[in-house]
Amino acid sequence: MLESARKVLAGEEAWVVGGAVRDELLGRELVDLDIAVRDPKRVARAYAKASGGAPFALSERHGAWRVALDGGRTVDFTPLPGTVEDDLATRDFTINAIARPLAGGEPVDPFGGQADLQARCLRAVRESIFEDDPLRLLRAVRLEDELDVRLDEETERLVRDQAALVPRPAGERILAELRRLSPGGYRRLDELGLLEPLGGSITDRLDRVDSPDYRLVAAFGDGLRRFPISNELRRYASALLRAERPETDARSIHRFRRATEPWSLDALAFLGAGDLTEAIAEARRLEPAEPLVRGDELGLPAGPEIGRLLAEIAEERAVGTIATKEEALDYARRNAGAVREDG
C-alpha cells in the first residue's frame, strides 16, 4: 500500500498519520493506511486506478475519501488544509498524533507520542477530545485492550468525568467499538463507568464463549435490541435469551436444539449448562442427513399443519419411536389435525 501511494503522490506533500504510524512503531501489521494530502478526492481516484481499489467519499463534511482494497484493507485520504502540526492537533491521543512523510524521513511528533508508546501510556492530546467526539471514550478502552497501553491519570479522570456522553454517538459506531473488545475490555468499560450508560452490565457469563456476538449478548441482554444490530445477531440473541436448560433425555435435548441451533453450544454456555455439551455434540453426530418423509408426501393441503407434523416426526425419530418412512407416514395419518399437549 505504501509503495503504491508513494508512486501516485510523488512530488506532492503527503503525510502518513494516525494509527498507521503508531502501528509501524509498534511493529504491528499494516492493515489500514491514513494519508493527509491537499486534494483527497483527486488523490483517492488516482490511487484507486493504480491499485484496482474502489474509491468513495468517507465524509462529505470533512472531505475525506477512502479506497477499499482486497482483503479488507483500506487507504484513507484526509484533507491537509494547513500544516501537518495543525492536523495532528485535531487527533485524539498522543500515540495517534504522529506523522511521517510519505516519501520518507523523520516523524513529526509534537505531543510526545513516541515517548508515550515507549511508556505504554494513552494520553489525550487535549482536554476536549471526548466532548469533540464521545466515541473516543470507547476507543480509549479499545486501544488499551488491543495495544496493551494504559490511560494516564489525567486522561482517565477525563473519561470518568465525561462518561455520561458515551451513548451519544450513532449506534453503528458504538457497536463497531464494542465488537473489538475482549472480556477484559468490557470490565474496563464497567470500571470507568462507561458500560452502565450504554445499558450494559457485567455477569459471570461474559467469559464463557470467545465471540464478539456472545459478549454483546452477555453484557447487554435484551437491551442489545436498542442498537442497530443485524438480523443474524438478533436471531442469535433471541436464541440465547429465550433458552431454558434442558433435561438430559433425548426429547428434551432435541427440543433444545430445535430452539437454539445452530447456536446450541453457545446457549448452553449462556445458561451455565456446560455439563450438557457432550449430549448436544452426540445429538448432532447422530442427526440423520435426510428426513424420513417430505411435506409433499403427507397427502395434506399446503399450510402450517405440514410443518408441525414434520417437526413432530423429526422429534419422534430423535427419541427412537420412529425409524422408517412407513412409521412416519402412519404417525402423520394418526396425528393430522391433532395438537400435542406436550409440544
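Numerical summary
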read-out	value
So PRO212, is it surrounded by fewer than 20 Cβ atoms within 10 Å (Cβ to Cβ), at pLDDT below 95 and not charged (D, E, K, R)	no
Which listed residue, of ARG168, ARG187, is open to solvent by 50 Å² or more (accessible area, probe 1.4 Å), charged (D, E, K, R) and in contact with a Pro (Cβ under 8 Å, 6 or more places away or on another chain)	ARG168
Any hit, segment 282-293, residues being over 30 Å from ARG205 (Cβ atoms) and open to solvent by less than 60 Å² (accessible area, probe 1.4 Å)	yes
Boolean, ARG257 is at pLDDT 95 or above and either more than 20 Å from the chain's Cα centre (by Cα) or among the hydrophobic types (A, V, I, L, M, F, W, C) (or both)	yes
Every residue from segment 3-23 that is farther than 15 Å from PRO79 by Cα and surrounded by 16 or more Cβ atoms within 10 Å (Cβ to Cβ)	SER4, ALA5, VAL8, GLY19, ALA20, VAL21, ARG22, ASP23
Failed condition for ASP87, given (1) part of a loop (DSSP other than H, G, I, E, B); (2) in contact (Cβ under 8 Å) with a residue 60 or more places away in the chain	(1)
Wholly enclosed helices (runs of 4 or more DSSP H) of segment 146-219 bearing at least 3 residues of a type outside the set (A, V, I, L, M) and over 16 Å from the mean Cα position of the chain (by Cα)	153-161, 183-191
Selected residue (criterion: nearest to LYS7 (Cα to Cα)) from residues of segment 54-76 that are touching a helix residue (DSSP H, G or I) at 6+ places or on another chain (Cβ under 7 Å) and of a type in the set (Gly, Ala, Ser)	ALA54
Residue in segment 103-115 that is modelled with pLDDT under 95, of a type in the set (Gly, Ala, Ser), open to solvent by less than 60 Å² (accessible area, probe 1.4 Å) and over 17 Å from LEU151 (Cα atoms) present	yes
Among the candidates LEU195, LEU224, LEU206, residue that is farther than 25 Å from ARG28 by Cα and touching a Ser or Thr at 6+ places or on another chain (Cβ under 7 Å)	LEU195
Residue that is nearest to PRO212 (Cα to Cα) [pool: residues in segment 137-161 that are in contact with an Asp or Glu (Cβ under 9 Å, 6 or more places away or on another chain) and open to solvent by 30 Å² or more (accessible area, probe 1.4 Å)]	ARG139
Condition broken by PHE93, with the remaining ones in (1) surrounded by 21 or more Cβ atoms within 10 Å (Cβ to Cβ); (2) farther than 21 Å from LEU147 by Cβ; (3) among the aromatic types (Phe, Trp, Tyr) satisfied	(2)
Answer from LEU224, LEU206, LEU240, LEU194 - the residue that is in contact with an Asp or Glu (Cβ under 9 Å, 6 or more places away or on another chain), open to solvent by less than 10 Å² (accessible area, probe 1.4 Å) and not aromatic (Phe, Trp, Tyr)	LEU240
Counted residues, segment 29-51 - those being in a loop (DSSP other than H, G, I, E, B) and at pLDDT 90 or above	2
Residue count for segment 265-281, restricted to those that are of a type in the set (Val, Ile, Thr) and surrounded by 18 or more Cβ atoms within 10 Å (Cβ to Cβ)	1
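Quick grid of which residues meet (1) more than 30 Å from ARG215 (Cβ to Cβ); (2) within 41 Å of the chain's Cα centre (by Cα); (3) of a type outside the set (Phe, Trp, Tyr):
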| site | (1), (2), (3) |
| --- | --- |
| ASP249 | yes, yes, yes |
| PHE270 | no, yes, no |
| GLU315 | yes, yes, yes |
| THR321 | yes, no, yes |
| ALA336 | yes, no, yes |
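The values are calculated or read from the model by the stated rules, or taken from the named source; none is laboratory data. Note that this is a predicted model, so its numbers are computed, not measured. For neighbour counting, all protein chains shown are included, and Cβ atoms are generated from backbone atoms with ideal geometry for every residue, glycine included. Areas reflect the complete protein model, heavy atoms only, side chains present, ligands, DNA and RNA absent. Shrake-Rupley method; radii C 1.70, N 1.55, O 1.52, S 1.80 Å.
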